[in-house]
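Report on the structure given below.
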Amino acid sequence: MKFSQYTNDSVENSQYMKWEEGENQIRIVSEPVICYKRFKDAENENVKVYLTKVEAMKDKKAKERSMFWAINRKTGKAQLVEAGPQIMEQIKMLATTGDSKFEDLPPYDIYINKKGSGIDTEYAVVAARSNVPLTPDEEEAVKGLKSVFDLLCDDALDAEAAKMDRFMSI
């Protein structure tokens with residue numbers, strides 16, 4: 001890609017999954033990690049800031065989010081997914097109910113349907129109808145992914161201290 005072709009909101013250029021209006025098909029390939037986020041105004045621009053658990057407890061505007069890796073079926077690329085409670089509760093329902101039940105990672109794709117925008121956004125999570133193994137290329141791509149926990153933690157933090165203080169695994 002050339003610099004002149006870069007767009008900030010281009011899904012293909014981002015490590016992060018951006019939910020599109022309508023159907024979004026993903027395959028979850030890592031367990032979720034809880035993190036805390038807020039937006040800060042930096043010279044009239046909203047800037048996303050991830051906080052430690054301790055910082056989030058002091059900040060009333062901090063929101064709990066879950067992050068995990070997923071393969072975006074539209075682009076074929078592994079991307080970080082940031083999901084709020086609305087999506088996570090529905091994935092939990094799939095994990096614990098009937099034929100869609102799973103232990104660690106779902107052995108099938110998930111469709112996340114987005115409707116609306118801003119505070120009025122609604123999400124519906126639906127399991128694909130059949131279990132489909134990852135392709136060899138997808139398996140290879142997943143092997144090279146850095147853990148979400150490592151991405152969120154500062155290099156200077158001791159990993160064990162970070163597990164207790166910064167983030168907790170779901």
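Quick look at the numbers
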item: In segment 108-131, residue nearest to N24 (Cα to Cα) [restricted to those that are without any contact (Cβ under 8 Å) to a residue 24 or more places away in the chain and open to solvent by 100 Å² or more (accessible area, probe 1.4 Å)]; result: R129
item: Any hit, segment 89-109, residues being in a strand (DSSP E or B) and at pLDDT 90 or above; result: no
item: Pick from segment 50-63, criterion in a loop (DSSP other than H, G, I, E, B) and open to solvent by 60 Å² or more (accessible area, probe 1.4 Å), ranking: farthest from K18 (Cα to Cα); result: K60
item: Flag if I170 is modelled with pLDDT of 90 or more and not acidic (D, E); result: no
item: Search result, residues across segment 97-150 that are of a type in the set (F, W, Y) and within 16 Å of the chain's Cα centre (by Cα); result: Y111, Y123, F149
item: Pairs, first farther than 18 Å from I34 by Cβ in segment 78-107, second among the hydrophobic types (A, V, I, L, M, F, W, C) and in a loop (DSSP other than H, G, I, E, B), C-beta under 7 Å, six or more apart; result: A78/V29; A78/L145; Q79/M17
item: Members of segment 64-88 found to be touching a strand residue (DSSP E or B) at 6+ places or on another chain (Cβ under 6 Å), more than 13 Å from K18 (Cα to Cα) and either part of a helix (DSSP H, G or I) or among the β-branched types (V, I, T) (or both), listed by number; result: Q86, I87, M88
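The values are calculated or read from the model by the stated rules, or taken from the named source; none is laboratory data. Everything numeric here is computed off the predicted structure, so don't read it as measured data. Cβ sites come from the backbone with ideal geometry, for glycine too, and all protein chains shown count toward neighbours. Note: areas computed on protein heavy atoms with side chains; ligands, DNA, RNA excluded. Shrake-Rupley method; radii C 1.70, N 1.55, O 1.52, S 1.80 Å.
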